[in-house]
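Notes follow the structure.
The values are calculated or read from the model by the stated rules, or taken from the named source; none is laboratory data. Only a predicted model underlies this, so the values are computations on that prediction, with no experimental measurement involved. Glycine also receives a Cβ, built like all others from the backbone with ideal geometry; neighbour counts cover every protein chain displayed.
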Amino acid sequence: MNPSENAATFECPSSDTLARIERHVQKCLQGRVRQFHLRTQRDGLVLRGRSSSYYAKQLAQHAIMETFAMPISANEIEVG
């Protein structure tokens, strides 16, 4: 998908929708990502939080991609 297409079609979700997505991801990950939260940018969602593995970081991204039709502009979940 072309990033410029994402920017043209991305509508900033409401705070209720963001909270619903965060709960969904937390449920899917069963605690693998701590302090998980989302923020929005002009061209998509930014994932934030902390994880002990790159696998959990990727799982968070896939949980959003598989369930919600919203572009992800950055996955800033810290691993360590």
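A few notes on this one:
- Scan of segment 28-56 for residues that are within 23 Å of residue 15 (Cβ to Cβ) and among the aliphatic types (A, V, I, L, M), ordered by number: 29, 33, 38, 45, 46, 47
- Of the listed requirements (1) modelled with pLDDT under 95; (2) outside any helix (DSSP H, G or I); (3) surrounded by fewer than 16 Cβ atoms within 10 Å (Cβ to Cβ), residue 17 misses just one: (2).
- All conditions in (1) hydrophobic (A, V, I, L, M, F, W, C); (2) part of a loop (DSSP other than H, G, I, E, B); (3) modelled with pLDDT of 95 or more hold for residue 12, with the sole exception of (3).
- Of all residue pairs spaced 6 or more apart or on separate chains, those with beta-carbon atoms under 7 Å, a first member in segment 57-80 that is under 14 Å from residue 23 (Cα atoms) and a second member that is aromatic (Phe, Trp, Tyr) and modelled with pLDDT of 95 or more are 60/36.
- Positions within segment 22-38 being closer than 13 Å to residue 61 by Cβ and in a strand (DSSP E or B), in sequence order: 33, 36, 38
- Residue within segment 40-58 that is in contact with a strand residue (DSSP E or B) (Cβ under 6 Å, 6 or more places away or on another chain), assigned to a helix (DSSP H, G or I), surrounded by 12 or more Cβ atoms within 10 Å (Cβ to Cβ) and not hydroxyl-bearing (Ser, Thr, Tyr) present: yes
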